[in-house]
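Visitor: Submitted below is the structure of interest, expressed as structure tokens.
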Amino acid sequence: QVQLVESGGGLVQPGGSLRLSCAASGITFSSYGMSWYRQAPGKERELVASIGSDGGAANYVDSVKGRFTISRDNAKNMVYLQMNSLKAEDTAVYYCKAARVVRATLTYAYWGQGTQVTVSS
């Protein structure tokens, strides 16, 4: 059974920091690209950051570049999102996703349950 469990969300003041964690089980973690998505109320889910299976090829949405850092530890089956200089517009539920492209027509993808991040004074 595949499980992705996020943690580390909470309430933080503008300018503050949070570190999200995602623990994966039930998959060969080192074979999966990992991503963080977020969904704010009334908005579509958006890709925030992604990282390759070997820890390379990190990419970010423009709105978080220079403030957020994605990383992973394949020995611990963990992926992280360090969020600094948080803004009110970062408020959302943050989701962890694991994806593995087997071939052009087949991708395995799994989602966590999400963790709430609220940035407010």
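The values are calculated or read from the model by the stated rules, or taken from the named source; none is laboratory data. Since we're looking at a predicted model, the values are computed, not measured. Here Cβ is always computed from backbone atoms with ideal geometry, including for glycine, and neighbour counts include all displayed protein chains. Side chains are part of the model used for accessible areas, which takes the heavy atoms of the whole protein and leaves out ligands, DNA and RNA. Shrake-Rupley method; radii C 1.70, N 1.55, O 1.52, S 1.80 Å.
Visitor: Just by accessible area at a 1.4 angstrom probe, what is the order of Met34, Met78 from largest to smallest?
Guide: So the residues, ranked largest to smallest area, are Met78, Met34.
Visitor: Right, next: Rank Gly15, Gly55, Gly33 by mean-square fluctuation in a GNM of the chain with C-alpha springs under 10 angstrom and give only the top-ranked residue.
Guide: Evaluated over the chain, the most mobile residue of the options is Gly15.
Visitor: At a 1.4 Å probe radius, which order do Tyr37, Tyr32 fall into by accessible area, largest first? Walk me through the intermediate numbers first.
Guide: Values: Tyr37 40, Tyr32 15 Å².
Result of the area sort, largest leading: Tyr37, Tyr32.
Visitor: A follow-up question, please. Any idea what the relative contact order of segment 18-121 is, in percent, if you count C-alpha pairs under 8 Å spaced at least 6 apart?
Guide: Taking the mean separation of contacting Cα pairs over the length of segment 18-121, I get 28 percent.
Visitor: Where is the GNM fluctuation largest for the chain (alpha-carbon springs, 10 angstrom cutoff): Ala75, Ala99, Ala40?
Guide: Evaluated over the chain, the most mobile residue of the options is Ala75.
Visitor: How big is the Kirkwood radius of the chain, worked out from every pair of different alpha carbons and given in Å to one decimal?
Guide: 14.4 Å
Visitor: For the chain, set up a GNM with springs between Cα atoms under 10 Å and report which of Ser21, Ser53, Ser63 has the largest fluctuation.
Guide: Its mean-square fluctuation being the largest, the pick is Ser63.
Visitor: At a probe radius of 1.4 Å, what is the per-residue accessible area of Lys65, in Å² to the nearest 10?
Guide: Looks like 120 Å² after rounding.
Visitor: A further question on this structure: For Ser17, what accessible area in Å² do you get when you roll a 1.4 Å probe over the heavy atoms of the protein chains, rounding to the nearest 10?
Guide: Accessible surface of Ser17 is approximately 60 Å².
Visitor: Below 8 Å between Cα atoms, with a sequence gap of 6+, how large is the relative contact order for segment 2-64 in percent?
Guide: 23 percent
Visitor: Let me ask something else about it. When the accessible area of the chain is split by element with a 1.4 Å probe, what percent falls to carbon and sulfur?
Guide: Numbers: 2930 of 6380 Å².
Roughly 46 percent of what the probe reaches on the chain is carbon or sulfur.
Visitor: If you take every residue apart from Cys96 with its C-beta less than 15 Å away from the C-beta of Cys96, what net charge results, scoring Lys and Arg +1 and Asp and Glu -1? Don't jump to the answer; show the numbers that get you there.
Guide: On the way: positive: Arg19, Arg38, Arg45, Arg72, Lys76, Lys97, Arg100; negative: Glu6, Glu46, Asp73.
Summing Lys and Arg as +1 and Asp and Glu as -1 gives +4.
Visitor: At a 1.4 Å probe radius, which order do Glu46, Glu6 fall into by accessible area, largest first? Please list the in-between numbers first.
Guide: Working: Glu46 65, Glu6 10 Å².
I get Glu46, Glu6, largest accessible area first.
Visitor: Can you give me the solvent accessible area of Val101 with a 1.4 Å probe, rounded to the nearest 10 Å²?
Guide: 110 Å²
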